[in-house]
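**Q** One structure is given below, represented as structure tokens, and several questions about it will come after.
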Amino acid sequence: MKSGLAILALLLFAFPMSAGAQEKDDTAEKMAAIERRLKDVEQENVQQTEENNTLRSELEQLKEQNEEIILNQDSAALEEIEQEAYRGLEIHGFFDLNFQKAVFPKDSIYAMYVPRNSTFVISNLNLYFVGQMAENLGMLVETHLSFLPHGMETDPDSIAVINGVEEQNPDGEYKREETWIRDPITTAFHNYGSITIERAYLNYTPRHWFNIIAGRFLTPYGIWNTDHGSSVVLGVRVPYMQLREMIPSAQTGLQVYGRLFPSDSMYFDYAVTLSNGRGPVEELMDLNENKGLGLRLSFAYEGDVVSIKLGGYGYYGKYTDISKTAVTYLNSDLTLDETQDKPLRTRVTVTEDYDELAIATDFLLTFKGLRFQAEYVFRFVDYNTHKLESAEGSLLKGVSPLVDIYAPSHTANGVYGLLAWELPLSKWIHPVRITPYFIAEYNMTEDTFSFYNMNSIVGGLNVKPSPYVTLKAEYTLGLAEDRNLYGGSIQLINFQMAVSF
Amino acid sequence: MKNRCFSSSLLLLVVLVCLLVQAAQAQTPGEHPNDIIVVANKKVSVNETSLKELKSIFLKKRTSWKKGGKVVPIHAKVGTEIRNVFITRVVGMDHIEEQTYWQEVMIKSAVSQPPSFSNPLKAVFKLRGAVSYVYRADYKPNVSKILLVIPHSK
């Protein structure tokens, strides 16, 4: 009985509890089901995403293949692209027309070198044949066309006034080359000129830090020598130290060059030259076994506002000139003397031989429209076989031409500075560029002979109305060191129109 | 139950946020059809470049890629809008200044200006080491690699 009561009491007590527990279990089950479903959905999503990615990737690959197929199918167009990118041959160049008026004392020796009367002159007509045959292979031929030798004056007549008495030089006879020729068909007259090969080389360019030039190239020194075109240099007249060839302006041989970039704004250039060096016919052949060696190093910083370039070039070479004599060993009956080891011989005589060392430095600074450039060259000539001075040279050195004198070893140096300012007028006259400039130059061509030492002060205006045309007006005051010999200074007024194409 | 509801809500929120981020990435703000895409041949050794390097390349002062290989700069045709925009923004010159520059470089160094094509993408596809530029609207993926995007500026 007691136990029955206890069970009843337990049932009564437990019934409400059991109903609550049932409700809780249902909710938990529902939530578990939702969670399972959510997990399933998530899994499905992941699978879907993976599938999507795979499909997308396949689609991309197909697109890529398709684009490539389409592009490759157009093989003719692709061939054209290659031909267009590596153009076979282009022709460029520049020429100039000058007008010059020189002012110097009457009867001065200047008249032997500079026309006194005003004159139009075409100084430069250079043609460039440029080829890019392949990605790493290019070529250049630069020719200088000239009317010369037509009009060239040689062997001036000379008179010596000895103690007031005029003595005619029997060897002197004024000659002016005139190259007139007559066309046998039309009978029209023409004059022939000349072609100088300024540059002719193959350029192999596998890396920016390693390239090779083989042929005739401009010596990589200074600024003016490599710029060299009248349409791109600021002034009309080439610096005197360059005219006097203190360093050979061009060489025939090999040049290895390259560029290194420590940063995007900076680079170092180098060039090593190996050539025939200087010689009377170095373009054609070397008259000694010693090759001319040169090394160029330069540094450039190109910022947004300022750019600086500093460089140097050192050159060492040997100059040799020779004469040749054919020697024939004969018997008394004028037949060949066969008893001789070599009855026909060549006798080679070295007529001039010297070692030379030259060092050049250059500096260029540009700041907004301002430009300052300067170059310095030093040269040392050490004779092994001294050159016999000409009669004219002897006279200029104050020695009688009847006495043989020889050119001594000597040093030479020259420096110029150029300051220019491109006027800030682009807002009003763009694209015309107007640049006034000023140049000062000092030259000592030989420390043992002052006749050719020439200093100058230059002022000018450079106007560029289009990318292809440059107009210049320039005034030069030339001050020879030995002004007594020249009878004073020389003034030159030059106008130039230079055209590039 | 409250905890479970909270965690479910949190899960949904995370999913939503992820979706939103993905959507935002798919359409970057500022993307413009006139953005300039600098493209290079797929075999080029680098994957990116800078404006300064591009300037050096297109002025032919730099002739190799940083990681090796010859650079072949390719221009759009002279007179096209994209070429003028590119020259102004990358090289810092206008058309006349560019012509003057190349005239001078030719006379000084006998270096020609880069070749130009009406379809630079095709040239980039064909020429090893080539680099050029197209508007985003004209860009076709997969035939070249993107080295730089120069955003459109009015």
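Where a number appears in this text, it was derived from the coordinates with a stated rule and is not lab data. Please read all numbers here as calculations on a predicted model, not as lab measurements. Using ideal geometry, Cβ is built from the backbone for each residue, glycine included, and neighbour counts are taken over all protein chains shown.
**Q** Within region A:368-408, list the residues whose amide N lies under 15 Å from a label point set 7 Å along Cα→Cβ of A:SER307.
**A** The answer is A:368-373.
**Q** Would you mind getting me the FRET efficiency between A:LEU402 and A:ILE195? Use the beta-carbon distance for r and R0 = 41 Å, nearest 0.05. Don't skip to the end; give the middle numbers.
**A** Values: r = 41 Å, r/R0 = 1.00.
Here the calculated transfer efficiency is 0.50.
**Q** Can you work out D for chain A in µm² s⁻¹ from Stokes-Einstein, where Rh is the Kirkwood radius over C-alpha pairs, the temperature is 37 °C and the viscosity is 0.692 mPa s?
**A** Values: Rh = 30.1 Å.
Stokes-Einstein gives a translational diffusion coefficient of 109 µm²/s.
**Q** Compute the distance from the alpha-carbon center of region A:487-501 to that of region A:173-247, in whole Å.
**A** 19
**Q** Any aspartates and glutamates with Cα under 16 Å of the A:LYS397 Cα? List them, leaving off those in the same chain fewer than 8 positions away.
**A** Result set, ordered by chain and number: A:GLU389, A:GLU446, A:ASP447, A:GLU481, A:ASP482.
**Q** A follow-up question, please. Please give the helix A:2-73 orientation as an angle from the longest Cα principal axis of chain A, in degrees from 0 to 90, rounded to the nearest 10.
**A** The helix A:2-73 is inclined about 30 degrees to chain A.
**Q** I've got another one for you. For B:LYS77, go through the aspartates and glutamates and keep the ones whose alpha-carbon is under 13 Å away, minus same-chain ones fewer than eight residues off.
**A** Partners within reach: A:GLU84.
**Q** Among the aspartates and glutamates, which fall within straight-line cross-link reach of A:LYS291, defined as a Cα-Cα distance under 17 Å, with same-chain neighbours fewer than 8 residues apart omitted?
**A** A:GLU282, A:GLU283, A:ASP321, A:GLU352, A:ASP353, A:ASP355, A:GLU356, A:ASP382
**Q** So how compact is region A:183-301: Cα radius of gyration and Dmax in angstrom?
**A** 18.3, 66
**Q** Another question, if that's okay. Run the simple label-point estimate for A:GLN340 and A:GLN61 please: 7 Å along Cα→C-beta, distance reported in nm.
**A** Going by the 7 Å Cα→Cβ label model, 8.7 nm.
**Q** Distance check, please: which entries in B:LYS70/B:LYS108; A:LYS63/B:LYS52; B:LYS61/B:LYS140; A:LYS324/A:LYS387; A:LYS63/B:LYS126; B:LYS61/B:LYS126 exceed 27 angstrom between their Cα atoms?
**A** Working: B:LYS70/B:LYS108 22 Å; A:LYS63/B:LYS52 33 Å; B:LYS61/B:LYS140 29 Å; A:LYS324/A:LYS387 16 Å; A:LYS63/B:LYS126 17 Å; B:LYS61/B:LYS126 23 Å.
Exceeds cut-off: A:LYS63/B:LYS52; B:LYS61/B:LYS140.
**Q** Under the 0.36 nm per residue contour assumption, what length would be gained going from the current alpha-carbon distance of A:GLU167 and A:TYR204 to full extension? Let's see the in-between values first.
**A** On the way: separation 37, 0.36 × 37 = 13.32 nm, distance 6.05 nm.
Extra length from A:GLU167 to A:TYR204 when fully extended: 7.3 nm.
**Q** Then there's this: What relative contact order, as a whole-number percentage, does chain A give when Cα pairs under 8 Å and 6 or more residues apart are counted? Please list the in-between numbers first.
**A** Details: 1039 pairs, mean separation 55.0, N = 501.
Taking the mean separation of contacting Cα pairs over the length of chain A, I get 11 percent.
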